[in-house]
Amino acid sequence: MTQKTTIAVLGAGIFGSALAWRLAARGICPGAEILVIDPNPPAAQASSRAAALLSLSRPAAKSHWIPLVRQTLAAVETLAAQGIDVPAHRCGALHLADSPAVRDVLADHAATADAHGLNYERRNPASCAALLPWLDMARFSEALWFPDEGYTDPYLLASAYAAAARKLGVRFRCGTPAALATDRRQACVDLPEGRIHPETVWVAAGAWSGRVLRPLGLAAPQAAVRSQYWITGNTPLVPPAMPMVLAADLRLYARPEVGAILFGLREDAGMAVSSDQLPDDLAGFQFDPADPEGHATLEAFAGRLAHYAPGLMATGLRHYITGPSCYTPDGDFLVGHLADWDNLGLLAGCNGAGIAASAGLADLAADCIAGLSPAGLERFDPARFGRVEADAPEWRARCIAARAGKTSG
């Protein structure tokens with residue numbers, strides 16, 4: 001007899017795996033009646049390419065993300081208690097400022113930290129020089145130290161969510177193509193062996209969500225914006241206690257990476273692609289085939305890097321990683337039912353914080369499926385932008401601007 005599927009989740013990345021786990025763990029649906037479907041292996045695409053900063057510190061405009069990140073940190077502890085360990089490197093984070101505008105950013109972070117009970121302290125940048133010898137700390141005038149910040153391995157976290165879900169009976173069908181279809185305003189799913197009619201279908205397919213929704217005439221109100229970072233070769237400039245760094249004057253974030261430095265630069269003018277331009281498998285994909293190693297961005301930042309991070313300029317590069325990070329024009333997540341559809345929902349719009357907020361967002365989606373309406377959910381409503389032409393240049397430009405204006409991890 002065919003296994004009953006009450007809830008189908010399309011996408012086995014960080015969001016889809018977390019959602020399946022939370023649905024089963026909370027008893028919203030028996031695990032054996034939850035089916036996660038993905039044409040690729042779990043977490044093999046954009047999820048595994050994230051820098052995975054677990055940042056609690058946020059500006060006031062994103063203070064509602066803090067409880068979501070706290071839920072993810074609590075989830076890591078829950079997984080560990082189940083014997084599913086996830087590396088959570090609590091190395092702390094140092095926010096640095098030079099210009100008056102960025103000093104205002106730090107003041108915003110400090111006020112928000114006070115309001116939410118986050119642990120931090122003000123430091124003299126010069127006192128942190130030994131922790132970050134690749135930066136010229138004399139260039140900075142203010143610093144905020146957040147000792148509880150850290151990072152994780154995104155693939156291992158997504159895999160841990162999936163492992164916990166499987167322990168509860170959730171079924172994963174990876175390497176399986178699936179397509180949305182409709183039957184009297186009810187979403188259903190076409191699989192190679194035929195059509196299934198779940199009571200609920202949620203799309204959690206990341207940058208591919210728009211492509212998944214298209215057969216129903218729907219769009220995912222986001223854009224696949226280029227995210228890129230580099231990993232240096234092993235260097236003595238990484239002390240054992242190196243923290244994460246956020247330096248908005250330089251538009252840089254960085255963290256240690258096994259004796260090397262992982263660093264990203266937020267472009268003033270970024271790039272985005274339509275969902276049709278994304279291959280099914282990101283292996284070998286480049287946003288700009290004429291610049292496969294991101295040299296153009298490094299050249300554009302050369303002056304700022306030489307000014308603020310001369311040691312970084314002198315360190316050889318070992319890896320370049322790029323992938324789609326899904327941004328919305330207001331820089332906020334997408335969680336909710338899709339208008340005019342009785343049983344269809346969307347969990348998307350990572351906005352560069354999908355790893356950090358993953359468990360919290362999964363619980364919000366689970367609330368929706370359970371018929372609950374938690375406070376603040378309306379800010380994530382996918383319908384908040386009205387009718388969207390997600391592949392229009394004007395829409396993509398708004399989403400690119402949202403990434404360019406980000407000041408937190």
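The values are calculated or read from the model by the stated rules, or taken from the named source; none is laboratory data. Note that this is a predicted model, so its numbers are computed, not measured. Cβ placement follows ideal geometry from the backbone for every residue including glycine, while neighbour counts extend to all protein chains displayed.
Scan segment 134-142 and give yes if some residue there is assigned to a strand (DSSP E or B) and of a type in the set (K, R), otherwise no. Before the answer, list the steps.
We begin by selecting, within segment 134-142, every residue assigned to a strand (DSSP E or B); these are 142.
After this cut, where a residue has to be of a type in the set (K, R) as well, the list is none.
No: segment 134-142 contains no residue that is assigned to a strand (DSSP E or B) and of a type in the set (K, R).
Report the residue count in segment 217-254 for those that are in contact with an Asp or Glu (Cβ under 9 Å, 6 or more places away or on another chain), of a type in the set (V, I, T) and assigned to a loop (DSSP other than H, G, I, E, B).
Total satisfying the criteria: 1.
Could you grab me the full set of residues in segment 10-30 that are in contact with a Pro (Cβ under 7 Å, 6 or more places away or on another chain) and in a loop (DSSP other than H, G, I, E, B)? Walk me through it before giving the result.
Looking only at segment 10-30, we keep the residues that are in contact with a Pro (Cβ under 7 Å, 6 or more places away or on another chain), and these are 12, 14, 17.
Matches in segment 10-30: A12 only.
Any residue in segment 137-154 that's more than 14 Å from Y253 (Cα to Cα): show its pairings with residues that are modelled with pLDDT under 95 and part of a helix (DSSP H, G or I) at Cβ separation under 8 Å, as long as the two are six or more apart or on different chains.
These pairs meet every condition: P154/S47; P154/S48; P154/R49.
Out of the strands (runs of 3 or more DSSP E) lying entirely within segment 305-388, which hold 3 or more residues that are of a type outside the set (S, T, Y), in contact with a helix residue (DSSP H, G or I) (Cβ under 8 Å, 6 or more places away or on another chain) and under 18 Å from A18 (Cα atoms)? So that I can check it myself, show each step before the final result.
Working: elements: 317-327, 334-337, 344-348.
Because the criterion is at least 3 residues that are of a type outside the set (S, T, Y), in contact with a helix residue (DSSP H, G or I) (Cβ under 8 Å, 6 or more places away or on another chain) and under 18 Å from A18 (Cα atoms), the strands (runs of 3 or more DSSP E) in segment 305-388 that meet it are 334-337, 344-348.
Does segment 300-311 contain any residue that is surrounded by fewer than 22 Cβ atoms within 10 Å (Cβ to Cβ), touching a Leu at 6+ places or on another chain (Cβ under 7 Å) and under 25 Å from A397 (Cα atoms)?
Yes, the conditions are met somewhere in segment 300-311.
Against the condition under 30 Å from T5 (Cα atoms) and part of a strand (DSSP E or B), how does R214 come out, does it pass?
Working: under 30 Å from T5 (Cα atoms): yes; part of a strand (DSSP E or B): no.
Spelling it out, it is not the case that R214 is under 30 Å from T5 (Cα atoms) and part of a strand (DSSP E or B).
Could you list, in sequence order, all residues of segment 230-277 that are at positive phi and of a type in the set (A, V, I, L, M, F, W, C)?
The one that is at positive phi and of a type in the set (A, V, I, L, M, F, W, C): V258.
Just wondering, is there one or more residues in segment 96-103 that are acidic (D, E), part of a loop (DSSP other than H, G, I, E, B) and modelled with pLDDT under 95? Even if it seems obvious, please write down each step before you answer.
The first filter runs over segment 96-103 and keeps only residues acidic (D, E), leaving 98.
Those still in the list that are part of a loop (DSSP other than H, G, I, E, B) too: 98.
Checking the rest, the ones that are also modelled with pLDDT under 95 come to none.
No.
Scan P30, P42 and give me the residue that is in contact (Cβ under 8 Å) with a residue 60 or more places away in the chain, within 30 Å of C91 (Cα to Cα), assigned by TED's automatic domain parsing to the domain that holds L361 and not charged (D, E, K, R). Write out each step before concluding.
Details: P30 fails: within 30 Å of C91 (Cα to Cα).
Step by step, each of P30, P42 is checked, and only P42 is in contact (Cβ under 8 Å) with a residue 60 or more places away in the chain, within 30 Å of C91 (Cα to Cα), assigned by TED's automatic domain parsing to the domain that holds L361 and not charged (D, E, K, R).
How many residues are over 15 Å from the mean Cα position of the chain (by Cα) and in contact (Cβ under 8 Å) with a residue 24 or more places away in the chain when one looks only at segment 353-379? Even if it seems obvious, please write down each step before you answer.
Initially, segment 353-379 is screened for residues over 15 Å from the mean Cα position of the chain (by Cα), giving 363-379.
Next, only the ones that are in contact (Cβ under 8 Å) with a residue 24 or more places away in the chain stay: 363-366, 368-370, 376-377, 379.
The total comes to 10.
With (1) surrounded by fewer than 24 Cβ atoms within 10 Å (Cβ to Cβ); (2) assigned to a loop (DSSP other than H, G, I, E, B); (3) of a type in the set (G, A, S) as the list, and A402 as the residue in question, which single condition is left unmet?
Failed condition: (2).
Can you name every residue in segment 106-130 that is buried (at least 20 other Cβ atoms within 10 Å of the Cβ) and under 14 Å from L246 (Cα atoms)?
L106, H109, P125
How many residues are of a type outside the set (D, E) and surrounded by fewer than 24 Cβ atoms within 10 Å (Cβ to Cβ) if we restrict to segment 6-36?
So the first thing to find is which residues in segment 6-36 are of a type outside the set (D, E), and the list is 6-32, 34-36.
Remaining after also requiring surrounded by fewer than 24 Cβ atoms within 10 Å (Cβ to Cβ): 6, 25-32.
Total satisfying the criteria: 9.
Got a number for residues in segment 273-284 being farther than 18 Å from Y327 by Cβ and surrounded by 15 or more Cβ atoms within 10 Å (Cβ to Cβ)?
The total comes to 0.
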